[in-house]
1. So what is the relative contact order for the chain, in percent, with contacts set as C-alpha pairs under 8 Å and at least six apart?
2. Under the classification rounded if a/c is under 1.5, otherwise prolate if a/b is larger than b/c and oblate if not, where does the stretch 85-165 fall, given a ≥ b ≥ c as square roots of the Cα gyration tensor eigenvalues?
3. For the chain, with every protein chain kept in place, what is the accessible area per residue (1.4 Å probe, Å²)?
4. Say we join alpha carbon atoms closer than 10 Å with springs in a Gaussian network model of the chain; which of Leu72, Leu29, Leu134 then has the biggest fluctuation?
5. How do Val15, Val86 stack up against each other in accessible area, from largest to smallest, with a 1.4 angstrom probe?
6. According to a simple spin-label model (label point 7 Å from Cα along Cα-to-Cβ), what is the distance in nm between Tyr164 and Val42?
7. On the full set of protein chains, 1.4 Å probe, figure out the accessible area of Lys68 and give it in Å² to the nearest 10.
8. Calculate for the chain the 222 nm mean residue ellipticity that helices alone would give, adding -39,500 (n - 2.57) per DSSP H run of length 4 or more and normalising by residue count, nearest 500 deg cm²/dmol.
Amino acid sequence: MDRNLCYFISKNDCVIIERDSIETDCKELADNLRKPDFDEVVIVTKEEPIKPITRGFRISKYCKSVVKDGNLIAMYGVAPTEFNKVGSPFLLGTNRFLEIRIPFARQCKKRVEEMQNLYPILWNFIDSRNEIHLRWIKWCGFKIINERYIDNVKFYEFIRIKKYV
């Protein structure tokens with residue numbers, strides 16, 4: 001089995017593949033973004049999604065794509081920030097994301113730990129209206145630490161700090 005691939009099964013026995021992202025995933029994702037993800041990207045960047053998605057893919061040291069039935073379902077990862085040990089985690093999905101949310105969530109805590117091997121502090125902000133992703137960050141152990149407004153939309157800042165033993 002390829003080291004860059006991870007397979008997991010949904011409740012209806014569909015094979016879901018998680019693999020390293022490739023640049024062509026950016027266009028497929030941008031063309032099929034869930035409305036809450038589209039709105040968040042546009043509000044924050046003031047750009048059509050293809051530009052920030054491609055930029056994020058190119059600068060990320062860790063970027064994974066989730067595929068089901070040959071279709072891109074989601075892309076997630078962590079991008080560097082201006083601070084050496086702080087990474088900016090992200091998750092963007094298509095309208096089919098809800099089909100895989102439970103098996104995907106089961107994999108996420110381990111993936112967040114992998115991100116924290118690169119960046120001990122993970123920090124970003126999220127549109128308060130994006131309920132699916134709010135549940136995701138809480139499930140993965142992030143804490144909401146602040147509120148900020150962008151274009152009159154409330155965003156939550158969130159963080160997760162690696163525990164050293």
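The values are calculated or read from the model by the stated rules, or taken from the named source; none is laboratory data. All of these numbers come straight from a predicted model, not from anything done at the bench. Note that we place each Cβ from the backbone using ideal geometry, even for glycine, and neighbour counts take in every protein chain shown. These accessible areas exclude ligands, DNA and RNA; they are computed on the full protein's heavy atoms, side chains included. Shrake-Rupley method; radii C 1.70, N 1.55, O 1.52, S 1.80 Å.
1. Values: 269 pairs, mean separation 30.0, N = 165.
Relative contact order comes out at 18 percent.
2. Numbers: a/c = 2.14, a/b = 1.09, b/c = 1.97.
Since a/c reaches 1.5 but b/c is at least a/b, the shape of the stretch 85-165 is classed as oblate.
3. Values: 9370 Å² over 165 residues.
Heavy-atom SASA per residue in the chain reads 57 Å².
4. Most flexible of the set in this elastic network: Leu134.
5. Details: Val15 75, Val86 25 Å².
Of Val15, Val86, the descending order of accessible area is Val15, Val86.
6. 4.4
7. Near enough 10 Å² of accessible area.
8. Details: 5 runs with 61 residues, N = 165.
Result for the chain, helices only: -11500 deg cm²/dmol.
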